[in-house]
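Peer 1: Sending over a structure as structure tokens; questions will come in a sec.
The values are calculated or read from the model by the stated rules, or taken from the named source; none is laboratory data. As the structure is a computational prediction, the values presented were derived from the model and not from experiment. Here the Cβ is made from the backbone with ideal geometry for all residues, glycine too, and neighbour counts use every protein chain on show.
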Amino acid sequence: MNRFAELLDRLAYEPGRNNKLKLLTAYLRDTEDPARGYALAALTGALSFKHAKPGLIRDLIMERTDPVLFGYSYDYVGDLSETVALMWPKVALVGHNNPPPPTLTEVVTRLRTLGKTELPAQLARWLDELDETGRWALLKLVTGAMRIGISARLAKTAAAALGEKDPHDIELMWPGLAPPYLDLFAWLEGRAEKPVNRDPAPFRPVMLAHAIEDADFAALDPADFIAEWKWDGIRVQAVSGRDERGHLQARLYSRSGEDITKSFPDLLPSLHLPGAIDGELLVLRDGRVQTFNVLQQRLNRKVVSPKLMKDYPIHLRAYDMLGDDENDLRELPFEERRTHLEAFIRKLADPRIDLSPTVPFADWPALTAARADPAGAGAGLDAEAVEGVMLKRRDAPYLPGRPKGQWWKWKRDPHIIDAVLMYAQRGHGKRSSYYSDYTFGVWTNGGAGDELVPVGKAYFGFTDEELLQIDRFVRRNTTEKFGPVRHVVHEPDQGLVLEVAFEGLARSPRHKSGVAMRFPRINRLRWDKPPREADRLETLERMLKSVTAN
Amino acid sequence: MRPQDILLPVAAGLCCKPGGFHIDPVRPVERAVITHGHSDHARAGHGAVLATQETLDMMRLRYGDNFAGSTQAVRYGEEVRLGDIKVKFHPAGHVLGSAQIAVSCKDLCIVASGDYKDARDPTCTPFELVACDVFITEATFGLPVFRHGDAADEVKKLLASVALFPERAHLVGAYSLGKAQRVIALLREAGYDAPIYLHGAMEKITRYYESRGIALGELRPVRGMKKAELAGTITLAPPTATSDIWTRRFPDPVTAFASGWMRVRARARQRGVELPLVISDHADWDGLTATIGATGAGEVWVTHGQEDALVHWCKSKGLAARPLDLVGYGDEEETEVVLDGEEGEA
Ligand SMILES: [Zn+2]
């Protein structure tokens, strides 16, 4: 545990990506199995155990220290785990040699099997045995608050560097691997063959679109593109494949690769043919697509009751196909993949899965008209769930990430952006016990790479239930406190994306970003979206230009 | 006689009326008794100064020959009579020449400990416990979150980083008087025998340490070195210099800072430190509380730092305690100013 703690400690202070990689790779090289595998799992969020609540940690320290001194200390340090780690009293065991501090392996394996009632005593024993940094790392681990600015991607890249492999290879095999990754390290160190991805239904990294601007059209030929409706749902990957015994396994992944199969058991029977579909998760009632707000009732549910499934019938609208049984289709041009998809959906013949229709258009003015009036352009009664159009190059292969010039999204409402929650402040009046004032930001190049710059503040637009969700998120993800203001985690891979709607945009030298929004409000919470995919300041600047030009 | 008849906090510092002197006065006074050479305790412009030889030398280095009207050097354990008062200096373990000052009148003894630490330091005489009736203690690290551990382990951390990043320079922020020399000595104890580089502002005082018989190995001024030559090296600089454009002369520097404050992450992050080294010149919480208990003092006066928490602790142990509310001390390493031109001095 101590070595892992030292690594975390050092990483938490190191700002440079390459230096972080170097620290991680050195750790993975110098640490034995299985500890390094558990460390990799911790850094990639692949460990699963019940997290300890802050209340439990507080109780433990209160039993051992003077509450007044704890108060002064917590006030000074500002972080519960850190305060407890620093002021945990040393125990001298009389007549014994002090037991060695627990290893990371012991901690992780024990936490997996530990009953809830055993946790406090076990935690206290470990805290007795560890030093300050070890206690800090342990508390971060058990409270599930390992925010040290390391993305899962970075950790995997560091592992790849052990054997000078391509991190993308690790990404591809990752769903089939499990902690402590003995097979992965054996391969990286040249001691074994490459682990095969035995997952019969693996996730494939998704392809994303750029937001199109007016100026882009001039360079584009309408004949090169196929247009589809952009649905206001949740992007998913539905994968079905045969395991070693020939049984069909089906899984549903979010766009970031999170397995969300358990939340949608009602969709699984429909995935009865092997293949990998890229599409939009929607709620359909009487054949009509419902709004996102309706769909939201199905998101982030731990328990999926029969009533929920009946009231909010789930549906998959397919628009791409990445694999057909054993065949990888990703190298094919979009147009050909689409032909495969159409045939697949016909063969599937399932009411819960249908094809996202194309939007025929001859030239850009025709598409502009369709976008302005989806109901009249074929979307019919589903028009309310259309948030714009997608433009996809006919010849585009399916490329992970956001390749240039292949896919474009053209949203209906120009006054909507995806921003990242940066700071939260308590509200006033009846909201004074909630964090209800939010400062949000968008990405910009800050000289030393991308950073978030605040572009506005919003304190309404969300429902009461959403307020509770954000409040909970803020409390669990506070990185620093300054008086009433909490800094909320906002890293490329950690944080909350807010869809912000606003009425207008103006230049403002008073704001660091140079722009000010009129009447901003939280339109929607994008739990599904990683912060790195939020909008950029350049998007706002372009909006500003088009606003002033009108 | 009551303790407050012997020593009383006034605007200039701790005043001893019957002895006619002040301890560590922050304003010019006729007669000053000075615990140690740090600039917030040892100021220029007093009439007469009583201090250890080292403290007087350090004042001379900093302020020039005319820093006081007259000076008197005193050795540890030596007793000096000032009026009705007996004054005796005892090692404080803080920096070279630092002293606690025991002030006695008849059978009442007050110890003004100045800044002190009970941790090991190869560059100064170890702290000596002095039994007393009233103990005056600092509280720089007077919160139970401050526990400083073994400084040797922190130096190991630094050396591990140097080994891991041989292409980068390591820049260690350390208070010029005391901390820097202790870090160097600890590096030598850990077996590091490469030359150690010094910021210009540290040279004089470090050479002074060497002249007092403290072996620090090969030291070189960093001035004039080529950027590429500094890869893989360790340079010590005043804390304020490490966040300065001065650092541009180093190849991708790892910014370290040797300070007790580094125990708290927010403090380290605030300063942009990449490698915090928890090495302190002051007693940590365990050191403060153990020392207070061991002096046998029934009454504790708390000077600068986290007075509230330490006073609370004393009271919970049945000791009479109060904060002295003296101003002008503390946070020395946070505020050390590098004077223009020191960089270029010989
Ligand atoms: Zn001092």
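Peer 1: Which residue pairs have Cβ atoms closer than 8 Å, lie 6 or more positions apart in sequence or on different chains, and pair a first residue in the stretch B:92-116 that is within 14 Å of chain A (Cβ to nearest Cβ) and over 18 Å from B:D133 (Cβ atoms) with a second residue that is away from the ligand (no atom under 14 Å from the Cβ) and of a type in the set (A, V, I, L, M, F, W, C)?
Peer 2: Partner pairs satisfying both residue conditions: none exist.
Peer 1: It is to be established whether one or more residues within the stretch A:409-417 are under 12 Å from A:I212 (Cα atoms) and at pLDDT 90 or above.
Peer 2: yes
Peer 1: Oh, and also: Could you tell me which residue of the stretch B:91-108 is nearest to B:I184 (Cα to Cα), considering only residues that are more than 16 Å from the ligand (Cβ to nearest atom) and in contact with a strand residue (DSSP E or B) (Cβ under 6 Å, 6 or more places away or on another chain)?
Peer 2: Of everything passing the filter in the stretch B:91-108, B:A102 is nearest to B:I184 (Cα to Cα).
Peer 1: Further question: Are there strands (runs of 3 or more DSSP E) fully within the stretch A:443-550 with at least 3 residues that are under 26 Å from A:R426 (Cβ atoms)? List them.
Peer 2: It comes to A:450-458, A:478-482, A:485-488, A:497-501, A:515-518, A:521-526.
Peer 1: To continue, here is another question. How many of the residues making up the stretch B:191-237 are over 23 Å from B:E54 (Cα atoms), hydrophobic (A, V, I, L, M, F, W, C), touching a residue at least 60 places away in the same chain (Cβ under 8 Å) and out of contact with any strand residue (DSSP E or B) (no Cβ under 8 Å at 6 or more places or on another chain)?
Peer 2: Counting residues in the stretch B:191-237 that are over 23 Å from B:E54 (Cα atoms), hydrophobic (A, V, I, L, M, F, W, C), touching a residue at least 60 places away in the same chain (Cβ under 8 Å) and out of contact with any strand residue (DSSP E or B) (no Cβ under 8 Å at 6 or more places or on another chain) gives 1.
Peer 1: Looking at (1) within 14 Å of chain B (Cβ to nearest Cβ); (2) buried (at least 21 other Cβ atoms within 10 Å of the Cβ), which is the only condition A:L104 fails?
Peer 2: (1)
Peer 1: Please verify whether the stretch B:272-283 includes one or more residues that are within 13 Å of chain A (Cβ to nearest Cβ), assigned to a helix (DSSP H, G or I) and not hydroxyl-bearing (S, T, Y).
Peer 2: no
Peer 1: Suppose the filter is under 30 Å from A:G71 (Cα atoms), part of a helix (DSSP H, G or I), among the basic types (K, R) and more than 11 Å from chain B (Cβ to nearest Cβ); does A:R58 pass it?
Peer 2: Answer is yes for this residue.
Peer 1: Please find, among B:T35, B:T52, the residue that is within 22 Å of B:S104 (Cα to Cα), within 16 Å of the ligand (Cβ to nearest atom), touching an Asp or Glu at 6+ places or on another chain (Cβ under 7 Å) and more than 14 Å from every other protein chain (Cβ to nearest Cβ).
Peer 2: Criteria check complete, one pass: B:T35.
Peer 1: Next up: When the residues of the stretch B:176-190 are filtered to those that are surrounded by 23 or more Cβ atoms within 10 Å (Cβ to Cβ) and out of contact with any strand residue (DSSP E or B) (no Cβ under 7 Å at 6 or more places or on another chain), which remaining residue is nearest to the other protein chains (Cβ to nearest Cβ)?
Peer 2: Going through the qualifying residues, I end up with B:L186.
Peer 1: Further, regarding this structure: Taking the residues in the stretch B:284-311 that are part of a strand (DSSP E or B) and more than 12 Å from chain A (Cβ to nearest Cβ) as candidates, determine which candidate is surrounded by the fewest Cβ atoms within 10 Å (Cβ to Cβ).
Peer 2: Among them, the one singled out is B:E299.
Peer 1: Sticking with this structure for a sec: Could you figure out which of (1) free of Cβ contacts under 8 Å to residues at least 24 places away in the same chain; (2) of a type outside the set (S, T, Y); (3) more than 22 Å from B:P323 (Cβ to Cβ); (4) assigned to a strand (DSSP E or B) isn't true of B:P28?
Peer 2: Unmet for B:P28, out of (1) free of Cβ contacts under 8 Å to residues at least 24 places away in the same chain; (2) of a type outside the set (S, T, Y); (3) more than 22 Å from B:P323 (Cβ to Cβ); (4) assigned to a strand (DSSP E or B): (4).
Peer 1: If you don't mind, there's one more thing I want to ask. When you go through A:E6, A:E14, A:E32 one by one, which is the residue that is within 23 Å of B:S161 (Cα to Cα) and either in contact with a His (Cβ under 8 Å, 6 or more places away or on another chain) or crowded, with 19+ Cβ neighbours inside 10 Å (or both)?
Peer 2: Only one candidate qualifies: A:E14.
Peer 1: Quick check: anything in the stretch A:346-365 at pLDDT below 90 and among the aromatic types (F, W, Y)?
Peer 2: yes
Peer 1: For the stretch B:129-149, indicate whether the set of residues that are in contact with a Lys or Arg (Cβ under 6 Å, 6 or more places away or on another chain) and either within 14 Å of chain A (Cβ to nearest Cβ) or in contact (Cβ under 8 Å) with a residue 24 or more places away in the chain (or both) is non-empty.
Peer 2: Yes, that holds for at least one residue.
Peer 1: I'd like to know if the stretch B:141-164 contains one or more residues that are outside any loop (DSSP other than H, G, I, E, B), within 16 Å of the ligand (Cβ to nearest atom) and surrounded by 22 or more Cβ atoms within 10 Å (Cβ to Cβ).
Peer 2: Within the stretch B:141-164, not a single residue is outside any loop (DSSP other than H, G, I, E, B), within 16 Å of the ligand (Cβ to nearest atom) and surrounded by 22 or more Cβ atoms within 10 Å (Cβ to Cβ).
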